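**Student:** Submitted below is the structure of interest, expressed as structure tokens.
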Amino acid sequence: MTANKKKVFGLAFLTVFLWASAFPLTKVAQEQFTSIPLGFLRCSAAAIFLMIIGKLAKIRLPQKKHIPLFFISGGLGFTMYMITFNTGILTLTSATSSIIIAVTPILTAIVASKLYKEKIKPIGWCAIASAFIGVLILLLWEGVFSINIGLIWTLGASLVFCGYNIMTRKLGSMGYNALEIVTYSMICGAILLGFWAGEGFRQLSGASMSHILALIYLGAFPSATAYFLWGKAMSFAERTSEVTNFMFVTPLLSTIMGFIILQEVPNAGTFIGGAIIIISIVVFNLKGK
């Protein structure tokens, strides 16, 4: 393995490790913070860290005419994502939540195939159908009349993050780099969540140090540092798949962390549906495009 590939793999693995840690740590933070104020505080912390990184990296300011696009990007990828993700994970294990979020690249590919005429092979469409069979197993494992509403919210998180991915592609085609896109999108996302600033600060004032540290960690690492490292990995990689394939590891890591940190034990439906989804995503990325 070349030194460059080692660098790519190291950065990509560290990124997905940080992303995986967000699932159990969000549940820890929710012992003190409610869903939307937590989203505001996490986005605000991430925006501060990204502005510091951006200052050191000397990123450019966005053009005024493009600011509305950053508000759309931030509104989808951070405002709506935080609301749906934080609400969904209240009633899900870290494993189940991470598996549903792992469907996002497939949703993005479907939308891109319509918007940008990107071709999906027949085996790719079979993998998509298989992945959604896995989602149905997760949804209906406990019975048709006992659907966990958290799964619906988390599917919503996948959909809005799909929208964010499409917006980042658009902003990237306009000349913005990955760090500029995530920094200005995060700032806009935090601004839109500002309606819950008062409640967020009220809850923060009564929080214990352990919950404050969990909040700072969520903002600094899974939100800010991970996106920065992801962009660096992409810049070193010869092929995008060298980096994106590491996303398959996220559900496994979040399941292990959920067990260690929260003593969560996934049910059989999570193992069966999750296995179908992960295999489908692997097949889709390797053979479907």
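**Student:** Please work out whether segment 146-231 counts as rounded, prolate or oblate from its C-alpha gyration tensor, where a ≥ b ≥ c are the square roots of the eigenvalues and a/c under 1.5 means rounded, while otherwise a/b larger than b/c means prolate and anything else oblate?
**Tutor:** Because a/c hits 1.5 or more and a/b fails to exceed b/c, segment 146-231 counts as oblate.
**Student:** GNM, the chain, Cα, under 10 Å: largest mean-square fluctuation among Val103, Val182, Val249?
**Tutor:** Comparing Val103, Val182, Val249 in the GNM, the peak value goes to Val249.
**Student:** As a test of the formula, what do you get for the chain when each DSSP H run with n ≥ 4 contributes -39,500 (n - 2.57) and the sum is divided by the residue count, at 222 nm and rounded to the nearest 500 deg cm²/dmol?
**Tutor:** -23500 deg cm²/dmol
**Student:** In whole Å, what are the Cα extents of the chain along the three principal axes, biggest one first?
**Tutor:** Cα extents, longest axis first: 44, 42, 37 Å.
**Student:** Would you kindly state how much longer the chain becomes between Lys5 and Lys55 on full extension, computed as 0.36 nm times their sequence separation minus their alpha carbon distance, in nm to one decimal?
**Tutor:** Gain on stretching Lys5 to Lys55: 15.2 nm.
**Student:** Quick one: Karplus J couplings for segment 16-26, per residue in order, coefficients 6.51, -1.76, 1.60, θ = phi - 60°, nearest Hz, x for Gly and Pro?
**Tutor:** 5, 4, 5, 4, 4, 5, 5, 5, x, 5, 5
**Student:** Taking a spot 7 Å from the Cα of Arg169 along the direction of its beta carbon, which residues of segment 246-269 have an amide N less than 14 Å from it?
**Tutor:** In segment 246-269, the label zone of Arg169 (backbone N under 14 Å from the point 7 Å along Cα→Cβ) covers no residue.
**Student:** Okay, next question. Taking only the alpha carbons of segment 149-289, what extent do you get along each of the three principal axes, in Å, biggest first?
**Tutor:** Computed over segment 149-289, the largest-to-smallest principal extents equal 51, 46, 28 Å.
**Student:** List the lysines whose alpha-carbon lies under 30 Å from that of Lys58, not counting same-chain residues fewer than 8 positions away?
**Tutor:** Lys5, Lys6, Lys7, Lys170, Lys232
**Student:** Using amide H atoms built 1.01 Å from N in the peptide plane, name the residues 5+ places from Gln32, or on other chains, whose amide H lies under 5 Å from its own.
**Tutor:** none
No lab work stands behind these numbers, since they all come straight from the coordinates. These numbers come from a predicted model, not from an experiment. A quick note on method: Cβ atoms are made from the backbone with ideal geometry, for glycine too, and the neighbour counts reach across all protein chains shown.
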